[in-house]
1. Given the stretch C:317-397, what helices (runs of 4 or more DSSP H) lie entirely inside it while holding 2 or more residues that are of a type in the set (Val, Ile, Thr) and outside the structural domain of residue C:209 (by TED's automatic domain parsing)?
2. Test each condition in (1) buried (at least 22 other Cβ atoms within 10 Å of the Cβ); (2) modelled with pLDDT under 90; (3) under 30 Å from residue B:293 (Cα atoms); (4) among the polar types (S, T, N, Q) for residue C:169 and report the one that comes out false.
3. Assuming residue B:287 fulfils every condition listed in (1) touching a Pro at 6+ places or on another chain (Cβ under 9 Å); (2) more than 8 Å from chain A (Cβ to nearest Cβ); (3) under 18 Å from residue A:34 (Cα atoms) apart from one, which condition is it?
4. Can residue A:233 be described as within 21 Å of the chain's Cα centre (by Cα) and among the aromatic types (Phe, Trp, Tyr)?
5. Between residues in the stretch C:74-94 that are aromatic (Phe, Trp, Tyr) and residues that are part of a loop (DSSP other than H, G, I, E, B), which pairs lie under 8 Å by C-beta distance while being six or more apart or on different chains?
6. Inspect the stretch C:299-306 for any residue being in contact with a Ser or Thr (Cβ under 6 Å, 6 or more places away or on another chain) and part of a loop (DSSP other than H, G, I, E, B) and give the result as yes or no.
7. Is it true that residue B:104 is more than 14 Å from chain C (Cβ to nearest Cβ), in contact (Cβ under 8 Å) with a residue 12 or more places away in the chain, part of a strand (DSSP E or B) and out of contact with any Lys or Arg (no Cβ under 9 Å at 6 or more places or on another chain)?
8. Assess whether residue A:182 counts as being in the same structural domain as residue A:123 (by TED's automatic domain parsing) and at positive phi.
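The values are calculated or read from the model by the stated rules, or taken from the named source; none is laboratory data. Worth saying up front: this structure is predicted, and the values here are computed from it rather than measured. Backbone-built Cβ (ideal geometry, glycine too); neighbour counts: all protein chains shown.
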Amino acid sequence: MGDPDPIAGVEIISIRKLNIRWMPVLFLFPSVLCYVLFKYYPLLNMIYVSFFRYSIVNPPGVFVGFSNYTEFLSSATFWQAVSNTFVFFALYLGLTFWIPIVQALLLSDIRRANAFFRFMYQLPTIVPAVAGILVWKWMYNPDFGLLNYWLHFVGLGPYLWLNDLNMTKLAIVLPAVFAGNGISLLLYYSAIKSVPTEILEAAKVDGAGPWRRIWTMLLPNIRFIIVIQFVAFMSGVLLAYDNIYVMTQGGPAGSTTVVSMLVVNTAFQQSRFGISGAMSMFMFIIIALLTVLQNKISAEKD
Amino acid sequence: MARKGVKEKGQRSLSITAYAVTVFFTLAALIPVLWMISSSLKTDKDIDAYPPKWLPSIPQSVRVTIDYTGQEPQDNVYYEKDAMRATWYPWMKNLRENIGEVEITGIRGGTMIYRAITSSSSFHVGQPMVVPSAMFNDTLMNLKLPIIKEQKLSKFKWYGDNGKAAGDTAGIADSALAAKFGEFYGSTAFVKGKVTSIVEKSAWSRLFDSYLSLNKLAKDAAGPMGFFQYFLNSSIVTLSCVFMQMVLGGLAGYTLSHLIRSKRWQFFWIMFFLATIMIPDISLLLPLYLLMKDLHLVNSLLAMILPHSAWGIIIFLFKGFFDQISKELLQAARVDGASEIRTFTQIVIPLSIPIFASVAVLTFIPVWNEFVWPLVVNNLPKYWTFTVALNDLQNQSNVQQNMIMASSFVSMTPLLIIFLFSQKYIEKGVSFSGVKG
Amino acid sequence: MNRTTKLSATFALIMAAAVTVSACGSSNNAENAASTTNANEPVATNATEPAATNDTTQTEPAQTAPEVDVEITVWDKPHADDLDKAFKESQFAVFEAKYPHIKVKHVEQTKEKEREQFMTAVAGGEQPDAYLNPYPDMESYIAQGIPADITDLWNSFEDKASYLPSSLNAATVDGKIYGVPNSMYVTGLMYNKQMFADAGIDPAAALKDWDSFGAAAQKLTNPGKGTYGYAILGMDWADWFFEYYVWQAGGDLTEKAADGTAKPAFTSDAVVKALQYYKDLKFKYQATQKNVVQSLDDNQKDFYTGHAASMIAGSDWFGGLVSKGMDLNNIGFSALPAGPSGISPSQVGGNYWILNPKASPEKQKAAFTYATYFTSKEYLEATLQFAKENGIFPNLLYVRSDLDLSKYIEGMPADLVANVQAAANNTHLEYFLKARLSPYIVKPIQQVLLDEKTDPLTVLKAAQDLAQKEVFDKYNAELKK
C-alpha cells in the first residue's frame, strides 16, 4: 500500500494524468449505474413503503410514520424468528462454514484422482436445490426414511427428525454439512493452488512439517478468500429462505420460522407490504452492522 | 536424518487423513444424488418401501391375446377400439402396479389380425386424458381413440388378412398381474373379443420410461420446439448474466483494487457494492417488478438478465483476488507505456483466469436455478426458463414422483457439463499463476 | 466528501418527493380504509343472509343500448395438460359467438406462487379484469379493495335467484357483493370402505361421535401392515381442519362483537376440548400417521394408497383420488363425527370471480357477463355432460340450485351424492381473521401433536395472549381509526 505513487485517487482531479483520472470513473460507471437502478432504487422504494400502511390498490396508502417498525419490534413472533435466525446462523457457522476450508486444504494434498474428487465435490451443488431437499425429506421420513434405517444398524434412533421440536433446526442444517458447498471449495482450492510454491519450499527447508505448513503457510495465504466467503456466508445464512421453506415451511410450531420467512408471509399472505419492508430494513441494518464489525475485526488482524 | 523421518511421518498421516476425509465427504455427497437417480427409476410403491430399496424393481410386460374367431368381421377401427379398451381399462384399474407395457394381439381364425403396444411412458402421460377415472362405459372409447391417435400414445399395427399364423395360446398365466387383468376381462364386457391368453414378462427396457414420459409431457407443453425453447431461454439469460458479471465485476473489482488509492474512497465504494448483498431479495420483488414495468421490460428476457448485473459479492471477490496481484507488476506495465485498458486485458486477465472461472460458476448456478423472479416477471410461456417450465411440469396432474426425480436429474446435466468444462480452465489458470509466482 | 453530500442531498430530494406523493395519496386512501374496515363484519358469521341480495327484485333494464366493443383480460387459459383444455377452448368460442362485442384475452397462470403473481400484477396496475380467487383470500382482499364492488351488477342480474344463497356469503361484506360465485365444495370425513369392512367396523356407528371414531381409528391402525386410522392435518395449515373440531365442540376460535371488534376464544372450553381430542387421537388412540407434519398431498397419498383409513376431505377431491387409482366404490363420505355439542358442522369453500375495480364500467360489465356465463346453467350442464362422456368424476356441489345432477351421475354410488349434499346442510365459513391468526393457532396444535407432555390449555393460553397483543389489539385499533 505504502509505495509513493504518482497516480491520484479519484477525488483529486489531476490534469496531468488524464488517462488515469478518467479510468476509474469509466470502469466503475456501468456497475454503479446497475447497482443504483436494480438495487438502490428498489431499496429506497422499499424503505419508502415501510412508512405506509401500504395499499396495493391505491399505493402507497396511509402514511404511518414509524408505526410499522414499532409494530413488529414489539411482536414476540418477530423476536422468536430473530432468535431462530441466529440459532441457524450459529448452527451453520459451527457445522458447515469451515468444512469446505478443511476439505480444500486436505484436497490440495491429494495427488491421485484429484480432479475426480474435485468433480465429486461439485455434485451436490448442481442438484437443483428443491430436488436435493426433497430427497433429504425422504431420508428423514419416520416411516420409510433411509436415515433411520441406517442409524438403527449402529444402534441409534429411531429419530423423528422433522417431528421433533428439538431436532428440526438441526435437520435443516444437516444436508448442508454433507452436501457441503462445492463453489466455496472451488474458490478455496484455487486460492491454495495460487500460493507460490517457493514459500512452501522455503518453509520445508526451515523444517516445518506438512501439518504445520498447512497451518502456518496455506491458511494465512487464503485468508482473503475466507473473509470474502464469510461475508457472503453471513448474509446467505441470515437471509436463508428456500431450503427452510421446502423442508418445513417454517414449522412445526414456528420452530424454523426465520425473519426472511416472516418478510415473505407478511407481504404475500397478509398483503402488509409496509411491515414487510420495515422488517427487511431491520435485517439489512443487522447484517450491515455485522459486516462492518467483521471488517473491523479482520482489519485489526492485518 | 531425524528431521527427514519426522517429516515423512507427518506426510503419511496427512495423506491418510486427506484421503479419508475426502472419500467420506464425496461419498456422503453422492448418496442423495444416487438416491435421486435410483428413485427416478422406481415406482411410487418402491419409493415408499421399507426397508428402503436401492434397486428399482423391473417393470412387467403384460401380453394379452384376444380371439375374434366366430364374430362378424369388422373394420380395423372396431378392432383398434377393442384393443385400446383391453389396454387402458385394466391398466387404470391397476394403476399402481409396475406395468412396463401392455401388448394386445388380436387373432381371428388362427391368424394374427393386429397387434397393439402401449408403453408405460405413454400410459402415464395419457392417463388423465384417456382414463381419468375407472368409470368406464361403452361409448367412452369413441371419444378417447382420437386422443390416443393424435398423441400417438398406443401403437396399433393392422395386419388384416395378411397376418402370420398365431402361436399357441398359453392361457392365463399364473402370475399376479395376469390374474388381475384376467379378472377385469372376466368381470366386465367392455372387450368384445375373447381373451385367450395373458402372459407376464419382465421388460427391462421400460425401466427408463419416467424419462420418456417427461419428454412427451415437455413436447405437449412447449410445442414442436419442445424443451429446447426453454433451454434456449435459460441459456441466453444465464450466459448473458455470466458475461455481464465478468465484465462489470471485473472492471469494478480492478478499479477498487488498483485504481482508487484513497483508502476512504475505496471503503466507500466497497460498502456501496457490498451493502447490496444484505438486502433480502424477496423484499425487492415488488419494487423491482414496478421498475421493470416502467422500463417496459415485463415479459422479456432482459427483465430476467438485468437485475443480475448487481451482485455485491462478485465485485468483492474480484477485488479480493486482484489485491493479490503485485502492484509492481502493474506499475512496470504502466511505465512501459501500456494504457490502463491494455494493462487490464493483457496482464490482469491472464493472471486471473481462476477467478473468472469461479465467478462464471458462481453466477451460472443460481441464475440457472432461479425461480421466483422469472416466474413473476413473465406470464408468457414463450419466455419461460428451464426452471419455470420444469416446475410447471412437476405440478402437472399426471406427474409421478419418479418423473420429478428424473426431471431433476435432467436439469442437472447442463450444470454437469459446465463443471467438467470449467474445471479444465481453472486448472489452466492455476498453472498461469504458477508462472507469475 | 463532495460526493457524499451530493448523495445525501439526492436522497433527501427523493424522500421529499416521495412524501409529497404520499400526502396526495393518503387523503383518498384514508377514506378508503374507513369504508373497508367496518366492511369486514358478515364474513365470519355464516348464518347471516347476504343482505337483500336475493329478494330485491329489481327489474332488469333491457339491454337495448348498442354494445360497444370491449376487450377484457382473464387469467383462465387452460394449461397444456388440462383434461378439459379442448372443452374449455370450445366454450371460449361459444362465449365469443354469443357476445361478439366482448373480446377476451386469456392468460395462462403458472401453478406455483399464484398469489405472488397475482399480487405483483395488482400492484403493477395489471390486475386481470376477471380472476378466480379462492375463499380464504376474499376477506383480506375485500378489505384492501382488490375486488370490485359488483352489488349493482349483481342486483340487476336476472339469473341471480338461481345461485345458492349461501354461495355469496364469503363475498358479501356489509351488504355489498364482491364476487360471482364460481365453485363450491363442502368438507366431510372420507373413509376407505374396504378397510373399515376388513376391520369389522360399521362406518355408521364408528362415525357417530368423537369417542366412537377414536376407538374405530385405533382399531384400524396396524403398524405391521403400515395402515393407520386417521390422517391428521398437522402441517402449517393445521388450523384449517382443526376449526371443525372446535365448531363440533360448540365454539369458534374468534368472537366478533357487534361493533366489528374481535377477540380470541382460544382458551374457551370448545377449543381446549378440540385440542385435547387431537392429542388423544395421536397419543391415546395412537391412530394417526407418525409424521404428523406431513403435507396435505402426503395425507391424500396415504389415503389413496390404502395406508390411511380416513381423512377430512373436500367434496371436490373425489376426481383427484379416483384419477390416482382409488376405487370409487371404496370411498365413503360422511359428515364429520359429532363433537361434544352433538353437532357436526362442515365448512364450505370454493372460489369467486373477482373483477378489477379500476377497469372501466364497460369492462366491468363485460367481465361480469363473462363470469356469469361461466357459472350459467348452460355452461355447467355442458361441463357435466363433458365429464360424463369422458369418465371424469364431477364435483358434487354447485353454486347453482337449478342443476339436476342425477342426469349426469349414473353409475356413481348413490350414497356419496346424498352424503355430500347432506354435509352441505350445516356449514360454516372459516374463522374470522384467519389470514393473520393462522400461525398463532397452528403453533399450539403442533406443540400438542409433537410432544405428549404438552398441556393443551397452557399452550392455548400462551397463544391467546400473544394473538391478543399482536393481532387483536392492532386489528381493533385499526378499526377505530
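1. Here the list reads C:361-373.
2. In the conditions (1) buried (at least 22 other Cβ atoms within 10 Å of the Cβ); (2) modelled with pLDDT under 90; (3) under 30 Å from residue B:293 (Cα atoms); (4) among the polar types (S, T, N, Q), residue C:169 misses (3) alone.
3. Condition not satisfied by residue B:287: (2).
4. Yes; evaluated as a whole, the condition is true for this residue.
5. Pairs that qualify, where the first residue is aromatic (Phe, Trp, Tyr) and the partner is part of a loop (DSSP other than H, G, I, E, B), are C:75/C:107; C:75/C:108; C:75/C:109; C:75/C:128.
6. Among the residues of the stretch C:299-306, not one is in contact with a Ser or Thr (Cβ under 6 Å, 6 or more places away or on another chain) and part of a loop (DSSP other than H, G, I, E, B), which makes the answer no.
7. The answer is no for residue B:104.
8. no
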